[in-house]
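S.K.: Please find one structure pasted underneath; my questions will follow.
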Amino acid sequence: MASKGKPSPRSAVSPLSDAQVAKLAKRHRLVDPMHDFPTGPNRKAKVEEINAQNPKATKRLLTGVDVVFNASCKTRAWGLDRVPEDGPFITAASHVTMFDVFVPMASLFHMGRRPRYMAKAEMAKWPLIGKWFQLVGMQPVQRHSGKAKQIEETSIDILTSGRPLTVWPEGTVTRDPKKWVMSIKEGVAYIALESSRRLGRQVPLYLAVTWGAASINHWWPWPRKNVVMCYDHQLDYSDLLVDMDSWGEEPPAEAVNELMWRVLKRMNTVLAEIRGEQFPAEGYWDYRSMSRKPWPAAGGQFPAGEVE
């Protein structure tokens, strides 16, 4: 079954202006994430993690990504100093275009970590780079396969084994006409809560929000466009883990629902800052109904869409 709707065209949004990037640079320390240790040399790479994940293939892919990004856009990021040097953590990344998935991936690799990442199985069949994706840690997700629990268990196993994990919680490229983060799936919240319970502590959860790639013409990207990513502060959900020893077989639906809303709202808050725009007053874009809906009252149920 095909995904609903089609992503909005490049004309739906304006490029990220130099003036807006300058405003961001006054509030944050922007660095170029497309080279090793962009935040400075006082950083230790997770060597055993690098060696365990096809180091030669990873280096080739990373070099290729760096070349493409340096040629087609001006990439900047802030918050990469928050990336843990050790231990498991979750990165939940926005998904505006197919191009922007490389920004958090390359950034974390350059910071010395090698997350596994959940990505649609079709990516493994892409010409040239599909095989590389598999070699460098892609965990294929069969969309609409009815195997959501199996996918969640695989993700939890990655985290409880000590490895970081990257997910795109929307499940597909946003369908919001103005390219805001649309409704997300329950997987990221379930994975965070359940892996935390199994480890006996809160697994760090970070949001990586990228903007600027939506307006790039990949056939003729010049002049180069601005692309900015924020690797946000750790999202706290410790209050949702207070009674985790009494959950039973899985996290309560209320806790999963609450954490999903926190992720969605925070992602759009960060995106609004990067864009220098106000989030639509009418509400968020709901993938299930393909329409904009108001934020629900406290305790309202999240409109779970189809697993992509």
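S.K.: Can you list the residues, at least 5 places off or on another chain, whose amide H is less than 5 Å from the amide H of V227, using H built in the peptide plane?
M.R.: Under 5 Å from the amide H of V227 lie the amide H atoms of K74, T75, R76, each far enough along the sequence or on another chain.
S.K.: With springs connecting C-alpha atoms under 10 Å apart, model the chain as a Gaussian network and identify which of S155, S107, S196 has the largest mean-square fluctuation.
M.R.: Among S155, S107, S196, the largest mean-square fluctuation in the Gaussian network model of the chain belongs to S196.
S.K.: Per residue, how much accessible area does the chain show when a 1.4 Å probe rolls over the protein heavy atoms, in square angstrom?
M.R.: In whole numbers, the chain has 45 Å² accessible per residue.
S.K.: Let me ask something additional. What percent does the relative contact order of region 176-308 come to when contacts are Cα pairs within less than 8 Å and at least six residues apart?
M.R.: Relative contact order comes out at 34 percent.
S.K.: Measure out, as a whole number of angstrom, how far apart the alpha-carbon centroids of region 37-54 and region 163-206 sit.
M.R.: With region 37-54 and region 163-206 each reduced to a Cα centre, they are spaced 24 Å.
S.K.: Under a GNM of the chain (C-alpha, springs under 10 Å), which listed residue has the highest mean-square fluctuation: G212, G79, G40?
M.R.: Highest fluctuation of the listed residues: G40.
S.K.: Give a quick list of GluC sites (Glu not before Pro) in region 165-255 that DSSP marks as loop, anything other than H, G, I, E or B, with at most 16 other Cβ atoms within 10 Å.
M.R.: E249
S.K.: Keeping the other protein chains in place, figure out the carbon and sulfur percent of the accessible area of the chain, with a 1.4 Å probe.
M.R.: The C+S portion of the solvent-accessible surface of the chain is 54 percent.
S.K.: Set the Förster radius R0 to 22 Å, insert the Cβ-Cβ distance between D81 and A25 as r into 1/(1 + (r/R0)^6), and round the FRET efficiency to 0.05.
M.R.: 0.90
S.K.: Something else: Could you work out which residue, out of V67, V256, V83, moves most in a Gaussian network model of the chain, that is, has the largest mean-square fluctuation with Cα springs under 10 Å?
M.R.: With Cα springs under 10 Å in the chain, the top fluctuation among V67, V256, V83 is at V67.
S.K.: Looking at the chain, which longest stretch skips every one of the chymotrypsin sites (Phe, Trp or Tyr not before Pro) that is in a DSSP loop with at most 15 other Cβ atoms within 10 Å, leaving the sites themselves out?
M.R.: 1-218
S.K.: In the set [x] 0.95; [y] 1.35; [z] 1.66, which value of Cα Rg over 2.2 N^0.38 Å was calculated from the structure you see?
M.R.: [x]
S.K.: Need one number: nm distance between label points at R224 and A52, each 7 Å from Cα along Cα→Cβ, rounded to one decimal.
M.R.: Here the modelled spin labels are 3.5 nm apart.
S.K.: Anything over 30 Å Cα to Cα? Flag those among K56/K179; K46/K178; K23/K179; K149/K225; K6/K225; K6/K149, in the order listed.
M.R.: K56/K179; K46/K178; K149/K225
S.K.: Okay, next question. Relative contact order for the chain: what percent, with Cα pairs under 8 Å and sequence separation of 6 or more?
M.R.: Once normalised by length, the contact order is 25 percent.
The values are calculated or read from the model by the stated rules, or taken from the named source; none is laboratory data. All values reported here derive from a predicted model rather than from experimental measurement. A quick note on method: Cβ atoms are made from the backbone with ideal geometry, for glycine too, and the neighbour counts reach across all protein chains shown. Just so you know, the surface numbers come from the protein's heavy atoms only, side chains and all, with ligands and any DNA or RNA stripped out. Shrake-Rupley method; radii C 1.70, N 1.55, O 1.52, S 1.80 Å.
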